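What follows is one structure encoded as structure tokens, with my remarks underneath.
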Amino acid sequence: MGRLFTGIEIHPGAIIGRRVFIDHGMGVVVGETAEIGDDVLIYQGVVLGGTSLEKVKRHPTIGSGVVTGSGAKNNR
């Protein structure tokens, strides 16, 4: 129901720190193995997702004090 009203989808297995703020959350997705630190600002359209059929960490880790928007890339 929450996704229907807010447009935000957060998997219950995600690890989310304190004082995380999702601004204009439509289209925000946080995957199962994603980790988000403290004092993070997430803008509209951010997808912390990945694809794999293996049971490995397939979603990004966002450190503390980070601001992220749609189109952000993981440097690996």
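Of all residues in region 22-51, those satisfying the criterion of being out of contact with any His (no Cβ under 9 Å at 6 or more places or on another chain), at pLDDT below 90 and open to solvent by less than 50 Å² (accessible area, probe 1.4 Å) are Gly25, Gly27.
Of all the numbered requirements in (1) open to solvent by less than 60 Å² (accessible area, probe 1.4 Å); (2) under 22 Å from Gly2 (Cβ atoms), Val66 misses one, and that requirement is (2).
The values are calculated or read from the model by the stated rules, or taken from the named source; none is laboratory data. Here the structure is a predicted model, which is why all the values come from computation and not from measurement. Positions of Cβ are generated from backbone atoms using ideal geometry, with glycine treated the same way; all protein chains shown enter the neighbour counts. With ligands, DNA and RNA removed, areas are computed over all heavy atoms of the protein, side chains included. Shrake-Rupley method; radii C 1.70, N 1.55, O 1.52, S 1.80 Å.
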